[in-house]
Every structure is written in C-alpha cells, then in structure tokens.
Amino acid sequence: MPLDALFSPFTFKGLTLPNRVVMAPMTRSASPDGVPTDEVAAYYARRAAAGVGLIVSEGTGVARPASLNDPNIPKFHGEAELAGWKRVIDAVHAAGGLMAPQLWHVGAVRTHRKDWTPPGPYDSPSGISSPGHRFGEPMSDADIADAIAAFASAAASAKALGYDAVELHGAHGYLIDQFFWDGTNERGDLFGGPTIGHRASFAAEILRAVRTAVGPDYPVIIRLSQWKQQDFAAKLAPSPADMEAWLQPLADAGADAFHCSQRRFWEPEFDGSDLNFAGWAKKITGKAAITVGSVGLTGEFIAAYAGEASKPASLDRLIAMLERGDFDLVAVGRALLQDPLWAEKVRDGRNHELLDFERSAMATLY
Ligand SMILES: Cc1cc2nc3c(=O)[nH]c(=O)nc-3n(C[C@H](O)[C@H](O)[C@H](O)COP(=O)(O)O)c2cc1C
C-alpha cells in the first residue's frame with residue numbers, strides 16, 4: 001500500500017510536521033533525581049534523526065510534591081531539571097526533529113519503589129485510587145489551584161526552552177483522568193458532578209491556564225483515554241453525545257489536538273460506526289487528532305509489560321484510516337522503543353529490517 005498518507009506533512013496551530021509519525025510518550029525512569037541525562041537526550045535525538053515527525057517525551061512531573069511515583073522519572077521544574085530538558089531539545093533540534101514534553105501528575109497512584117515515597121501528600125480529587133479504595137485525602141481548593149498553576153508554569157517553561165509544542169497527560173487513570181472518572185471523583189464542587197461535562201472542569205481549567213501561559217499561537221495537545229489502568233473496560237463517554245460533552249469544553253479551553261489513547265487503534269469507539277476514538281475526537285471538535293495503539297505490531301502494550309513479544313504487523317489498515325481522514329497523526333510506542341530507525345525503515349520500504357518487539361527493550365535506553 002502506498003505510504004504517502006503517513007509521510008506527508010501536516011500543520012496544526014502553525015506547527016508543520018514533516019510526516020504523520022509521532023513518538024508516543026514512554027516513561028523510561030532513567031533520569032536520576034528527576035534530571036534528564038545526556039543519554040536521555042541522545043535517545044530522543046536518535047529517533048529525531050531517523051525520521052520521526054514529532055517526539056512526545058515520556059511523562060514529566062509538574063511542580064507538586066507527589067506528581068511522580070518514581071524518583072528517576074524526570075521533572076519539568078527546577079533549575080537542574082530544566083537545564084537537562086534544554087539539552088534534550090537542543091539535541092533533538094540539532095538532529096532535525098520536533099518535540100513536545102508530556103506534562104504529568106500521577107495523582108493517587110502508589111509508587112512501585114519500596115525504598116522511596118514522594119516528598120509530600122498524594123493529590124487526587126476525592127482521596128480514592130480506584131472505586132472503593134481510599135488513598136490519601138481529597139485535594140483542597142488551594143491544592144487544586146496550585147496544581148493548575150503547576151501545569152501552566154511547566155507549559156511556559158516548555159515554550160521558553162524552545163519546545164515545539166506541549167502535551168498534557170490526561171489519560172490512563174492519572175490525576176487529570178481521576179477528575180474525569182466518576183469512579184475516582186466524588187466531589188460536589190465545581191470540579192465534580194454527575195456528568196462528564198462537570199468532571200472535565202479541572203482539565204479545562206488547566207488548559208485555560210496553559211493557554212494563558214503560552215499565548216494564543218502555541219500548540220497544546222491533550223492525551224486522553226477512555227480506559228484506565230484501574231479498569232480497562234471503563235468508558236468516560238459511552239455515547240457520542242457524552243464524548244461531545246467531554247471534549248468540546250477542552251477544545252474551547254485551548255486544546256489544539258487530541259491524542260486519543262487506545263490499546264488497539266483499529267477498535268471502533270461506538271456501535272454503528274467504524275471510527276475509532278481519534279476519529280470521533282476529530283469529527284466532534286474539528287481539532288487535530290492523534291491515534292495510537294499497536295501500530296506496526298501484533299500485540300498490545302499492557303501484555304508487553306507481562307512479557308509478551310510482538311512481531312511486525314501490516315500498516316495497511318492504519319493507512320486506509322489515515323487516507324480516509326479519520327485522524328491526522330499516528331503515535332508509535334513500542335516499535336520506536338525497540339528500534340530508533342523504525343520510521344525511516346517504514347518510509348524507505350525496508351520492511352524486512354523491521355524488528356520484533358521484545359520486553360527487554362523496556363529496560364534499555366538505546
Ligand atoms: C514502557 C512504556 C512506557 C509508557 N509510558 C507512558 C507515559 O509516560 N505516558 C503516556 O501517556 N503513555 C505511556 N505509555 C503508553 C504509550 O504511550 C502508548 O500509548 C502505548 O505503548 C501503546 O502504543 P504501542 O502499542 O505503539 O506501544 C507507555 C508505554 C510503554 C510501553
């Protein structure tokens with residue numbers, strides 16, 4: 001199948017990407033004390049040099065005491081941390097790439113580390129990590145205001161450092177998603193309520209604050225998912241009308257692109273249509289949409305954590321959906337983790353050189 005749809009330029013909010021391949025955000029836990037190293041810069045630059053259109057960084061913490069659940073995940077605040085991120089963007093630009101940091105707050109999610117706890121209380125809408133599980137205390141109004149300001153300040157830093165765009169991590173059951181989900185948000189104030197429209201207020205306030213911080217012309221992406229790590233079957237929006245109630249306020253608040261996280265990009269979002277999540281986000285809001293999930297691989301990423309290997313898979317279906325205009329950009333995770341040259345190999349038809357995905361790739365920073 002011709003690859004032109006995947007390797008044609010795309011412009012949103014004044015940012016022109018040379019092709020449609022986005023590197024998906026992938027946590028690497030390789031930044032001691034939150035400071036990205038030269039190895040981290042080289043890891044991203046390697047992908048930039050080999051034809052990735054836009055790199056989204058691993059999730060990186062905003063300035064709240066418990067925004068991260070591991071001390072080796074990078075932070076996006078503090079002098080040494082931002083100096084590290086400056087080296088990253090300079091390396092990516094020198095290699096001809098474009099990059100957005102993914103700004104992250106994990107919320108009520110336990111650390112996997114036995115020897116470490118975050119240096120302050122956990123943040124969450126209602127002190128619940130998943131339905132029926134108490135975890136920490138609900139955020140106060142002051143906590144919420146500070147968290148919103150922390151996202152805005154990190155976005156301003158991204159722009160000041162020279163990043164080409166910024167992405168907010170609003171997916172997978174972390175803080176912003178804990179506000180979206182009625183399973184973790186029981187607030188009765190402005191930031192909670194019976195509908196997804198009510199529960200989108202926290203994300204909308206963050207987007208408004210980010211927009212004010214970066215100005216009208218800077219590209220802002222938000223990553224969302226229906227599924228959560230706490231419940232793979234959860235659906236924030238069980239119908240197109242609910243999806244509109246969820247996404248339109250975010251578009252109105254300043255989101256330029258929706259990064260729609262699915263585990264398998266080809267799965268339709270609602271009965272009666274073969275559009276996937278990104279397809280619906282684009283149709284509803286008219287904004288740019290990024291799809292993701294098992295692109296170019298036979299298996300999906302949660303199973304990969306459990307050790308499942310994947311083989312290279314055909315891109316025909318993806319390209320047909322892209323050609324049809326369902327979505328604009330395609331994020332690729334594990335295939336690019338395994339192989340920095342993935343985009344270049346696909347572009348040049350070197351299919352016989354594509355690699356199997358092995359779990360061991362998650363433990364290295366090549
Ligand atoms: C090692 C690893 C780390 C990840 N870390 C993040 C992250 O920091 N932020 C995020 O939004 N998604 C994260 N994800 C999810 C990926 O961005 C992507 O959505 C998922 O891997 C599916 O894409 P794939 O099938 O192409 O791998 C991670 C995935 C993997 C495999």
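The values are calculated or read from the model by the stated rules, or taken from the named source; none is laboratory data. Since the model is a prediction, treat every value here as computed from it, not as a measurement. All Cβ positions, glycine included, derive from the backbone under ideal geometry; neighbour counts span all protein chains shown. Each accessible area value is taken on the protein alone, full model and side chains, heavy atoms only, with ligands, DNA and RNA left out. Shrake-Rupley method; radii C 1.70, N 1.55, O 1.52, S 1.80 Å.
A few notes on this one:
- Flag for Tyr174 being open to solvent by 30 Å² or more (accessible area, probe 1.4 Å), under 19 Å from Pro74 (Cβ atoms) and in contact with a strand residue (DSSP E or B) (Cβ under 7 Å, 6 or more places away or on another chain): yes
- Screening Leu168 on (1) of a type in the set (A, V, I, L, M); (2) assigned to a strand (DSSP E or B); (3) open to solvent by 20 Å² or more (accessible area, probe 1.4 Å) shows it passes everything except condition (3).
- Among the residues listed as Ala255, Ala245, the single one being open to solvent by less than 10 Å² (accessible area, probe 1.4 Å) and either in contact with a Ser or Thr (Cβ under 7 Å, 6 or more places away or on another chain) or part of a loop (DSSP other than H, G, I, E, B) (or both): Ala255
- Pick from segment 286-317, criterion touching a residue at least 60 places away in the same chain (Cβ under 8 Å) and within 11 Å of the ligand (Cβ to nearest atom), ranking: nearest to Ala257 (Cα to Cα): Ile290
- Qualifying residues in segment 87-128 (those that are within 20 Å of the chain's Cα centre (by Cα) and more than 16 Å from the ligand (Cβ to nearest atom)) - the one most open to solvent (accessible area, probe 1.4 Å): Arg110
- The criterion of at least 1 residues that are closer than 22 Å to Pro18 by Cβ, open to solvent by less than 50 Å² (accessible area, probe 1.4 Å) and at pLDDT 95 or above is met by the following helices (runs of 4 or more DSSP H) wholly inside segment 293-366: 316-323, 334-338, 342-347.
- In segment 201-233, residue most open to solvent (accessible area, probe 1.4 Å) [restricted to those that are more than 16 Å from the ligand (Cβ to nearest atom) and within 15 Å of Tyr174 (Cβ to Cβ)]: Asp231
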